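Structure record follows, encoded as structure tokens.
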């Protein structure tokens with residue numbers, strides 16, 4: 001066996017030994033408490049009909065035919081960027097093919113050697129990967145800890161970027177946005193906020209937590225993704241007109257990739273129309289409040305969260321996997337989040353609440369958890 005093959009086999013065996021081996025599944029027969037389809041848009045037959053009608057009316061190509069700087073740009077795409085920017089209260093925006101591409105694009109191209117990126121320790125992997133490509137100095141601060149952030153700001157050099165999520169994907173808790181922005185002002189730092197899990201859930205019409213707190217003019221850039229509550233795919237970086245132009249010129253994950261097909265952009269456009277037509281943040285809030293109330297004393301074992309992401313702590317990969325198996329056996333699709341995705345000792349069951357989860361389903365899931373924790 002060749003050395004490379006030995007290396008692959010050894011790494012996979014290590015994962016199996018640690019009970020952290022990942023596999024893919026096509027089973028969607030269980031009651032969904034794991035997907036990011038918080039508002040049920042991905043399964044909405046009405047939204048699907050709207051997308052089909054819009055696609056038929058547009059009579060566009062099936063593919064974009066190239067990168068946006070070559071042949072893959074059109075009026076539909078630029079109109080979509082403009083309308084999304086208006087919805088979120090931003091000057092401008094630039095579409096990326098995924099949230100991963102967006103975060104890699106901005107964090108790899110904007111900070112330079114000699115600059116400093118300071119990220120919350122629980123920041124998404126895509127931001128970490130982008131920051132690694134930047135050659136900037138990189139620090140992390142303790143999760144939502146303002147004093148830890150202040151200490152890192154004192155050590156920062158060059159232009160300073162603070163990277164946070166408004167709602168953290170593996171904990172479901174909120175960043176202290178106002179306090180972080182106040183600190184950033186003192187050190188002339190630019191704050192970049194990933195709004196992936198806040199879009200559609202917070203704000204009068206789902207504009208996100210930054211807009212909900214009326215902080216959009218104080219945040220340097222926001223990353224909004226479409227693969228969660230909007231039920232589509234892709235992302236947009238929101239910020240100034242100059243930032244958009246900068247990313248068009250320097251973000252490699254934008255420049256060197258084929259643009260998403262027109263169908264994707266039509267789907268995003270229709271999803272935004274669907275979002276604006278309903279009262280979806282209120283629907284999401286009612287589900288969250290019901291879950292927290294019905295959990296009772298069990299909620300002491302959860303990370304406190306007012307988002308659709310509700311995490312029950314289950315220390316150790318073995319314990320978390322066992323709990324996942326019990327819940328799945330009862331018919332509920334809930335996923336264990338294991339080390340190394342989260343720190344050792346912080347393993348958990350990540351429960352995602354949706355507009356389509358009934359009160360009976362929520363109570364059934366909670367009953368299983370109460371009986372087996």
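The values are calculated or read from the model by the stated rules, or taken from the named source; none is laboratory data. Just so it is clear, the model here is predicted, and its values are computed rather than measured. Don't worry about glycine lacking a Cβ; one is built from the backbone with ideal geometry, like all the others, and counts go over all protein chains shown.
Odds and ends about this structure:
- Scope region 201-249; condition more than 30 Å from residue 286 (Cβ to Cβ) and in contact with a strand residue (DSSP E or B) (Cβ under 7 Å, 6 or more places away or on another chain); matching residues: 220, 221, 237, 239, 240, 241, 243, 244, 247, 248
- Pair list, Cβ under 6 Å, 6 or more apart: region 66-81 residue outside the structural domain of residue 244 (by TED's automatic domain parsing), other residue surrounded by 15 or more Cβ atoms within 10 Å (Cβ to Cβ): none
- Single match in 50, 6 (criterion: outside the structural domain of residue 319 (by TED's automatic domain parsing) and surrounded by 15 or more Cβ atoms within 10 Å (Cβ to Cβ)): 50
- Flag for residue 276 being more than 30 Å from residue 92 (Cβ to Cβ) and in a helix (DSSP H, G or I): no
- Per-region count, region 131-151, residues assigned to a helix (DSSP H, G or I) and crowded, with 20+ Cβ neighbours inside 10 Å: 2
- Tally of residues being surrounded by fewer than 19 Cβ atoms within 10 Å (Cβ to Cβ) and within 20 Å of residue 347 (Cβ to Cβ) across region 298-313: 7
Quick grid of which residues meet (1) in contact with a helix residue (DSSP H, G or I) (Cβ under 9 Å, 6 or more places away or on another chain); (2) under 28 Å from residue 157 (Cβ atoms); (3) part of a helix (DSSP H, G or I); (4) at pLDDT below 95:
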| position | (1), (2), (3), (4) |
| --- | --- |
| 185 | no, yes, yes, no |
| 237 | yes, yes, no, no |
| 244 | yes, yes, yes, no |
| 259 | yes, no, no, no |
| 298 | yes, no, yes, no |
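- Set side by side, the residues 98, 67 differ, and just one is modelled with pLDDT of 95 or more and under 16 Å from residue 268 (Cβ atoms), which is 98.
- Checked against the criterion of being surrounded by 15 or more Cβ atoms within 10 Å (Cβ to Cβ), more than 26 Å from the chain's Cα centre (by Cα) and outside the structural domain of residue 202 (by TED's automatic domain parsing), the candidates 330, 295 yield just one match: 330.
- Selected residue (criterion: nearest to residue 313 (Cα to Cα)) from residues of region 357-373 that are surrounded by 16 or more Cβ atoms within 10 Å (Cβ to Cβ) and either at pLDDT below 95 or within 24 Å of the chain's Cα centre (by Cα) (or both): 362
- Test for residue 233: is it surrounded by fewer than 19 Cβ atoms within 10 Å (Cβ to Cβ), touching a residue at least 60 places away in the same chain (Cβ under 8 Å), assigned to a loop (DSSP other than H, G, I, E, B) and not assigned by TED's automatic domain parsing to the domain that holds residue 355: yes
- Single unsatisfied condition, residue 267 versus (1) farther than 27 Å from residue 125 by Cα; (2) touching a helix residue (DSSP H, G or I) at 6+ places or on another chain (Cβ under 6 Å); (3) in the same structural domain as residue 229 (by TED's automatic domain parsing): (1)
- Of note, residue 13 does not satisfy the criterion of being without any contact (Cβ under 8 Å) to a residue 40 or more places away in the chain, within 25 Å of residue 229 (Cα to Cα) and more than 19 Å from the chain's Cα centre (by Cα).
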